[in-house]
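Below is one structure; the comments refer to it alone.
The values are calculated or read from the model by the stated rules, or taken from the named source; none is laboratory data. All values reported here derive from a predicted model rather than from experimental measurement. Glycine also receives a Cβ, built like all others from the backbone with ideal geometry; neighbour counts cover every protein chain displayed. SASA here: full protein model, heavy atoms, side chains in, ligands and nucleic acids out. Shrake-Rupley method; radii C 1.70, N 1.55, O 1.52, S 1.80 Å.
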Amino acid sequence: MWVFEETLPGGEKLSEVINKTNENVKYLPGIKLGKNVIADPDLENAVKDADMLVFVSPHQFMEGICKLLSGKIKASAEGISLIKGMEVKKEGPCMISTLISNRLGINCSVLMGANIANEIAMEKFSEATVGYSQHQEVAERWVQLFTTPYFIVSAVHDVEGVELCGTLKNIVAIGAGLVDGLEMGNNTKAAIMRLGLKEMIAFSKLLFPSVKDSTFFESCGVADLITTCMGGRNRKVAEAYAKNGGKRSFDELEAEMLKGQKLQGVLTAKEVYEVLNDRGWIEKFPLFSAVNLISQGLLPPSAIVQHTHNKSRYS
Ligand SMILES: NC(=O)c1ccc[n+]([C@@H]2O[C@H](COP(=O)([O-])OP(=O)(O)OC[C@H]3O[C@@H](n4cnc5c(N)ncnc54)[C@H](O)[C@@H]3O)[C@@H](O)[C@H]2O)c1
């Protein structure tokens, strides 16, 4: 396991502490990782003989990581991305699995689902979805690798749909957190989740007409949307943002509340807004637009209902 090296407050290196205690004391304290997991701060060394590569970094670091990995991995390696987010470039949006495929010249599947990390670490039951683009046998190998009695994985032939579900639900979770912070209740939150799901489906299909409706009923779809809007860090920080009346920025709250972990929803809302703006789709996506404008401080938190409802009343 490659570990981005950090020096802990006591002066020790994170990778050394992981190898000594078998625990990631900064990001997943209290959970033993298994003796077969060795933390390696040297990226090139960590990947050099790998046949199967699992990517799970915050998405904003992937461009840099791919640069470092280029030409350093086996040509026959298979990749899978657990990363939620997208890159927006001049030529259009690029999903992270596509970035990995293009930069490294390998096939890349995705794994998404209702999978809040610390619950999985405690071996509480959950489901997940592998999305693949080409060969079913590759997807089946990933399913076999990830499946345990408490983690049930199924594969669908819709890599874009699965990845967009995982990416877009973080925007909806910001909306759900704002509703919680404004103490508007469960009915309002359910309304935001319903509109969010509609926008997730519409946006995915506009970007990739091949995306299947059935994908949204897999774990990566409605189940991940529910868990992220009930628990999860995007909801939590958005709740605090609304409670503070939008006076403390998301960046400030992220640093204070997440202690090094990264929010994905705010960045994803900004990236998706760029796509909406570029393609003239803003009117079609009032919830996604409102989340971005609120998180940038351009609209008050209460706009999550007013703005979204006014614009989507007749849809
Ligand atoms: N945490 C979850 O519950 C969960 C569940 C499913 C998927 N994911 C996805 O997995 C990905 C990673 O999320 P996470 O929760 O493990 O991480 P995180 O958002 O908590 O960020 C912390 C991680 O980023 C690494 N990091 C910090 N600075 C870095 C840098 N400059 N370069 C590279 N790495 C750096 C840290 O070592 C640490 O592993 C995200 O795309 C997220 O959406 C997370």
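Test Ser97 against the stated conditions and say whether it is in contact with a strand residue (DSSP E or B) (Cβ under 7 Å, 6 or more places away or on another chain) and within 21 Å of Phe203 (Cβ to Cβ).
yes
So Ile171 fits all but one of (1) open to solvent by 10 Å² or more (accessible area, probe 1.4 Å); (2) among the aliphatic types (A, V, I, L, M); (3) within 16 Å of the ligand (Cβ to nearest atom); what number is the exception?
For Ile171, the failing item is (1).
Spot the failing condition for Asp251; the list is (1) crowded, with 18+ Cβ neighbours inside 10 Å; (2) within 16 Å of the ligand (Cβ to nearest atom); (3) over 30 Å from Val130 (Cα atoms), and only one is missed.
Condition (1) is where Asp251 drops out.
Do we have any residue at all in region 1-21 that's in the same structural domain as Thr148 (by TED's automatic domain parsing), assigned to a loop (DSSP other than H, G, I, E, B) and polar (S, T, N, Q)?
Among the residues of region 1-21, not one is in the same structural domain as Thr148 (by TED's automatic domain parsing), assigned to a loop (DSSP other than H, G, I, E, B) and polar (S, T, N, Q), which makes the answer no.
Anything in region 1-55 that is within 12 Å of the ligand (Cβ to nearest atom), β-branched (Val, Ile, Thr) and open to solvent by less than 30 Å² (accessible area, probe 1.4 Å)? List them, or say none.
Of everything in region 1-55, those that are within 12 Å of the ligand (Cβ to nearest atom), β-branched (Val, Ile, Thr) and open to solvent by less than 30 Å² (accessible area, probe 1.4 Å) turn out to be Val3, Ile18.
Can you tell me which residue within region 56-97, out of those that are farther than 17 Å from Leu43 by Cα and near the ligand (Cβ under 8 Å from one of its atoms), is modelled with the lowest pLDDT?
Once the filter is applied, the top-ranked residue is Gly85.
Give me the residue from region 219-259 that is under 16 Å from the mean Cα position of the chain (by Cα) and outside any helix (DSSP H, G or I) and, out of that set, farthest from Phe61 (Cα to Cα).
Once the filter is applied, the top-ranked residue is Gly231.
Is it the case, given these coordinates, that Asp224 is crowded, with 16+ Cβ neighbours inside 10 Å and either among the acidic types (Asp, Glu) or within 16 Å of the ligand (Cβ to nearest atom) (or both)?
Working: crowded, with 16+ Cβ neighbours inside 10 Å: yes; either among the acidic types (Asp, Glu) or within 16 Å of the ligand (Cβ to nearest atom) (or both): yes.
In short, yes.
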